[in-house]
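A.B. asks: Structure provided below as structure tokens; questions to follow.
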Amino acid sequence: MTITHRLTDQLLRSEAELRALIGEPLPLTCAKITDRLNAATRVFVERAPLVCVATSDAEGRCDLSPRGDPAGFVRILDDRTLLLPERPGNRIADTLRNLLQNPQIGLLFIVPGWTDTFRVNGRALLTTDAALLAPSAVEGKAPQLGLLVDIEEAYTQCSKALLRSHLWDPARHTDPAAMPTGGAVFRAIQGEGFDAERYDRERAERYRRREGFY
């Protein structure tokens, strides 16, 4: 593969060049990577209400998607197997379509208020097994589909990213009024004729009713 970019020719083209720049990882850092959960790392899965899911298709095109639910929604079936319930969404199904082509998956577990995160890499299959999915019911509704994840690598990620970002510092939280609404984003794409206010109003009402949450 030829590595080029239209904006610069100052690019790294080999791992040797990369290592010359950043060096090698410490042995202790590598020693924390395992192929299963343990008593300490299980806590991240049990307490995380938010998980980022990374997948790619057969061509290597990547997708990253958040999944959120009450803490512990990713169920531990055993120390090498997780079950991630699939809730109703926008039906684009990037994650699901990717996994049908390429079962490799990456998960990042985030626990509110805690600056370490937990990473899992492995292989995932889509399951409709009602018996496996039934314990994942929320508000009386069991998911129709789940991601059955076999763990290949599991390890904690240090706090530097979350400390640098001040993610949990309320004083750094953004005023919602400074952010574009969903309707504003659609209008930027569709043009000024798009009724952003109506879109936002109707979406807020659907969310108030928790329509399509489960």
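The values are calculated or read from the model by the stated rules, or taken from the named source; none is laboratory data. What you see is a predicted model; the values in this text were computed from it and never measured. FYI the Cβ positions are ideal-geometry reconstructions off the backbone, even for glycines, and counts take in every protein chain you see.
A.B. asks: Quick check: is even one residue across segment 151-163 assigned by TED's automatic domain parsing to the domain that holds D35 and assigned to a loop (DSSP other than H, G, I, E, B)?
C.D. replies: Yes, segment 151-163 has at least one match.
A.B. asks: In segment 110-144, how many residues are over 30 Å from A171 (Cβ atoms) and either of a type in the set (K, R) or touching a Lys or Arg at 6+ places or on another chain (Cβ under 9 Å) (or both)?
C.D. replies: Total meeting the criteria: 9.
A.B. asks: Then there is this: Please specify each residue of segment 45-97 satisfying the condition of being of a type in the set (D, E, K, R) and either touching a residue at least 40 places away in the same chain (Cβ under 8 Å) or not assigned by TED's automatic domain parsing to the domain that holds F109 (or both).
C.D. replies: R47, D57, D69, R75, D79, R80, E86, R87, R97, listed by residue number.
A.B. asks: Tally up the residues in segment 1-37 that are of a type in the set (A, V, I, L, M, F, W, C) and touching a residue at least 12 places away in the same chain (Cβ under 8 Å), please.
C.D. replies: Residues that pass the stated criteria total 2.
A.B. asks: Any idea which of T174, T181 is within 23 Å of the chain's Cα centre (by Cα), surrounded by 10 or more Cβ atoms within 10 Å (Cβ to Cβ) and of a type in the set (S, T, N, Q)?
C.D. replies: T181 is the lone residue from the list that is within 23 Å of the chain's Cα centre (by Cα), surrounded by 10 or more Cβ atoms within 10 Å (Cβ to Cβ) and of a type in the set (S, T, N, Q).
A.B. asks: Here is a check on your reading of the model: is E24 more than 25 Å from the chain's Cα centre (by Cα), part of a loop (DSSP other than H, G, I, E, B), farther than 30 Å from A131 by Cα and not basic (K, R)?
C.D. replies: So E24 fits the description; yes.
A.B. asks: Filter segment 130-159 down to the residues that are among the polar types (S, T, N, Q) and over 16 Å from the mean Cα position of the chain (by Cα), then identify the one that is surrounded by the most Cβ atoms within 10 Å (Cβ to Cβ).
C.D. replies: Filtering first and then ranking leaves S136.
A.B. asks: Go through segment 28-57 and give me each residue that's within 17 Å of R123 (Cα to Cα) and in a loop (DSSP other than H, G, I, E, B).
C.D. replies: I33, D35, R36, L37, D57, listed by residue number.
A.B. asks: Same structure, new question: Please give the number of the condition L162 fails out of (1) loosely packed, with under 15 Cβ neighbours inside 10 Å; (2) of a type in the set (A, V, I, L, M, F, W, C); (3) within 17 Å of the chain's Cα centre (by Cα).
C.D. replies: Among (1) loosely packed, with under 15 Cβ neighbours inside 10 Å; (2) of a type in the set (A, V, I, L, M, F, W, C); (3) within 17 Å of the chain's Cα centre (by Cα), L162 violates only (1).
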